Amino acid sequence: MDPPQDSAAPPSPPAQSGGSFGIPAMLVFASIVIIASPAMVPSCWYTRNSLSILHQVPEGHVGVYWKGGALLKTITEPGFHLKMPLVTQYEPVLVTLQTDQVRNIPCGTKGGVMINFEKIEVVNKLKKEYVYETLLNYGVNYDNTWIYDKIHHEINQFCSSHSLQQVYIDVFDQIDEKMKDALQCDCTKYAPGIEILSVRVTKPIIPERIRRNYEQMEEERTKVLISIERQKVVEKESETQKKMAIHEAEKTATVSNILREQKLKEQENAMELQEIENQMFIAHRKCLADADFYSAMKEAEANKMKLTPEFLELKFIEAIANNTKIFFGHKVPDMVLDQRLLVGNFLENVSQQVHGERQ
């Protein structure tokens, strides 16, 4: 019979110190490495964004994020935020006014002259509510598609349909608005989050020979304008002198009219005074005539009352007595008697008339 075997398991070998780390120690070590990584790796924006946990969104921007190259719908406001290191990438996007400068834009005019726009400034803004849609379709450099490349296209389209005279002088003041409308029209249709506020176009650079011709033309035009302005000044002076002469004549005529009216007024006043005096004289004479008439009437009435036979006989006797003439001849008594008879008859007739009127 075989001897009995021990059923206990052999003891395990002792653990070696320093051969491996526990899981908590590894997590702490990884965290320390990740936090300290911005100082340990080269200064690269993408690397910092990938490795950092804490990041800052500047004022006037919003934060957008990618995970494994896919754009996330998460949009953060300005301030401090956290993200997954190495997995999530972050990029600040400007949502306030920005000015994009497009430089050195060559184009050919309708007549075949090559010109160059040195600089065109486009003031634009990305609407905050369209950030995700715009970056999803056109990326962070969306302005390359809808501003830089679009400006080149629109400027060449404009130049090809206009002559050099029109582009350089005639319609140059309209290019700003035309470019703004063209950019905004396409952005509204395909990228509604982009708002074009204004476009500033600098004067294009044209060939030197043509530029000198334009300068000569401008100089001649300036001379013509100067001569026209001088002519206008002379005409203005003549017109001013004419107006002064007219004003002086009107003033003289006005003074003459005033003096004439004054004389007429004086004469009218004199006539009125004379009329008053005439009326006063007539009234006075009329009063005198009425007084004389009244006196004569009263005297006639008094005389009529005196014409009595006795009074008439008395007057006859007084008249005979005062007669100093002496008559000679045999007919004298007869003449006296005849006169007495005549007077007596006359007195009798008068007396009868007086009595008849009284009755």
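The values are calculated or read from the model by the stated rules, or taken from the named source; none is laboratory data. Only a predicted model underlies this, so the values are computations on that prediction, with no experimental measurement involved. Positions of Cβ are backbone-derived with ideal geometry, glycine not excepted, and every protein chain shown enters the neighbour counts. Areas reflect the complete protein model, heavy atoms only, side chains present, ligands, DNA and RNA absent. Shrake-Rupley method; radii C 1.70, N 1.55, O 1.52, S 1.80 Å.
Can you pull the percent of region 119-199's accessible area that's carbon plus sulfur, 1.4 Å probe, other chains left in place?
Working: 1720 of 3850 Å².
Carbon plus sulfur share of accessible area: 45 percent.
Would you list which aspartates and glutamates come within 17 Å of LYS242, measuring only between C-alpha atoms, while excluding same-chain residues fewer than 8 positions from it?
By straight Cα distance, LYS242 reaches GLU250.
Over the Cα atoms of region 41-155, what radius of gyration and what Dmax do you get, in Å?
Here Rg and the maximum Cα pair distance are 18.1, 60 Å.
On the Cα set of region 154-230, report Rg and Dmax in Å, please.
Radius of gyration, then largest Cα-Cα span, for region 154-230: 17.1, 56 Å.
Among LYS178/LYS232; LYS67/LYS178; LYS125/LYS203, which pairs are too far apart, with a Cα-Cα distance over 30 Å? Before the final figure, lay out each step's value.
Details: LYS178/LYS232 37 Å; LYS67/LYS178 41 Å; LYS125/LYS203 25 Å.
The pairs that break the limit, which is 30 Å between Cα atoms, are LYS178/LYS232; LYS67/LYS178.
How charged is the neighbourhood of LEU164? Take every other residue with its Cβ under 15 Å from the Cβ of LEU164, and add Lys/Arg as +1 and Asp/Glu as -1. All intermediate terms of the calculation are to be shown ahead of the outcome.
Numbers: positive: LYS110, LYS203, ARG209, ARG211, ARG212; negative: ASP170, GLU208, GLU215, GLU218.
Taking every Cβ under 15 Å from that of LEU164, the sum is +1.
Find the Cα radius of gyration of region 198-291, compare it with 2.2 N^0.38 Å by division, and give the number to two decimals. Kindly include the intermediate steps, with their values, before the conclusion.
Numbers: Rg = 37.9 Å, N = 94, 2.2 N^0.38 = 12.4 Å.
Dividing the Cα Rg of region 198-291 by 2.2 N^0.38 Å gives 3.06.
Would you please put 153-161, 97-105 in order of how densely packed they are, using the mean number of other Cβ atoms within 10 angstrom per residue and starting with the highest? Could you put the intermediate results ahead of the total?
On the way: 153-161: 16.9, 97-105: 14.3.
Taking the mean over residues of other Cβ atoms within 10 Å, the ranking is 153-161, 97-105.
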